1. Once phi is turned into θ = phi - 60°, what whole-Hz ³J(HN,Hα) does the Karplus curve with 6.51, -1.76 and 1.60 give for every residue of the range B:24-36, x standing for Gly and Pro?
2. Under 8 Å for C-alpha pairs, at least 6 residues apart: give me the relative contact order for the range B:11-117, rounded to a whole percent.
3. How long are the semi-axes of the ellipsoid equivalent to the range B:11-117, from square roots of 5 times the Cα gyration tensor eigenvalues, in whole Å, largest first?
4. So which of B:Lys26/B:Lys59; A:Lys27/B:Lys71; B:Lys15/B:Lys59; B:Lys15/B:Lys71 end up more than 18 Å apart, counting from Cα to Cα?
5. Just to confirm, what accessible area per residue do you get for the range B:11-117 at 1.4 Å probe, in whole Å²?
6. Show me you know the interface measure: the accessible area buried between B and A, both chains summed, probe 1.4 Å, in Å² to the nearest 100.
7. Can you sort B:Asp51, A:Asp148 by 1.4 Å-probe accessible area, starting with the largest?
Amino acid sequence: MYDLVRGPLLWVSFIVFVLGTVFQIIKFMKLSKKIDVPKFIPASRSKPIATSPGFMLKFEMFKAAGIGTNLLMAVVTTVFHVCLFAIPIFLVGHSVLFDQSWGINMMPFLFSENTTDTLTIIFLACSLYFLLRRLLSARVRAITTSYDYVVLLIAAAPFLTGFFAYHQIFNYNTIIILHILFGELMLVTIPFTKLVHMVFFFINRFFVASENCLGEGNRTW
Amino acid sequence: MAEQNNTPVATEKIKKMLERKKDKTKLSLRMCAHCTLCAESCFLFMTRGKDPKYMPSYKFINSIGKLYKKKGEVDRATLEEIGDIVWNDCVLCTRCYCPLGIDIPDMIALARSICRTQGVYRQYDK
Ligand code: HEM
Ligand code: SF4
Ligand code: SF4
């Protein structure tokens, strides 16, 4: 069982994840089109008309948009997403596997075991906050379906089982298989559920021209 | 007074219109994290007691989302409900902001176009 989930299933999930992501990117490129960003600026006008605002104005907008409206959500979601990326990549246990499988030695960059353990608890606390928000806040409930709980579970389960495995809570051999399976489940569901926001956050938030893109967006829907 | 519209819904026509923008609709509905962060960007939400029914996401999920999920097979009552959302709860000012870059106004505009073909309009005398 262990060999199956670590071998073929892992490859299947990697491939589904990569191909699915590429597929979504191609779809986005087909749905949006390239536009000309004005390059020529008449001397009489010091600023181009249709480009994004300067950094300071952007910063002010950022404050007004995210931090100003709900500080707690802004902090929790930032911490949640940073942990989501950082924990699995800089974890000592995973790096041993990277090293064994591909000879990638990440030693100088790794977090200590205590650090990842603490970060995992923080991550799980953030997930709990999302869950409570979904259950208790009227505005979030207004657009919540059971699907949202399933996706949240898919996101939190690899971390929860990883935590159990590290602390040898419950039967280690069962938990570690569950942990791998949940990790693989998350990989394959990223391109096909609302987790695609991982891909689209980077490509459409930043590329589609608007006052909120980074730099000058050069595509439009 | 606006009179009751009893003409049957031309589901075939709705299907065709949905088909034309299927990819973008599907993408937008799938991408939405149901996070409600777009709420404050809509002035109607802000000025009408922060009622969740004015959240941009609520409006596009319950209009075009509904049409898409039911593949256009909606009855007149549902269409009237959708019409109420897209004509009365959104002015298509295009100021809403989704951190994930969903083009919410375009989705609402599509729902409006579909309603329009079925005789569901903004009623200014109500
Ligand atoms: C920086 C841009 C992003 C924003 C604004 C954003 C926004 C959000 C929000 C608000 C939630 C919470 C939804 C809830 O209330 O349950 C969420 C959940 C989640 N995000 Fe992101 N996200 C971003 C990028 C990413 C990236 C890059 C990844 C992939 C590594 C990711 C993966 C997840 C996962 C796994 C969840 C939990 C499942 C869920 O509840 O949907 N997000 N995201
Ligand atoms: S439309 Fe965007 S901001 Fe609004 S709930 Fe969906 S993902 Fe969140
Ligand atoms: S386009 Fe509609 S949903 Fe978006 S901000 Fe304007 S009124 Fe609100």
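1. 5, 4, 4, 4, 5, 5, 6, 5, 4, 7, 6, 9, 6
2. 33
3. Calculated on Cα positions only, the semi-axes equal 22, 15, 11 Å.
4. Cα-Cα > 18 Å for A:Lys27/B:Lys71; B:Lys15/B:Lys59; rest within.
5. Accessible area per residue: 42 Å².
6. Summed over both sides, the interface buries about 2500 Å².
7. If we order B:Asp51, A:Asp148 from most to least accessible, we get B:Asp51, A:Asp148.
The values are calculated or read from the model by the stated rules, or taken from the named source; none is laboratory data. For clarity, every value in this text was computed on a predicted model and none was experimentally measured. Please note that ligands, DNA and RNA were not included when accessible areas were found on the heavy atoms of the full protein model with its side chains. Shrake-Rupley method; radii C 1.70, N 1.55, O 1.52, S 1.80 Å.
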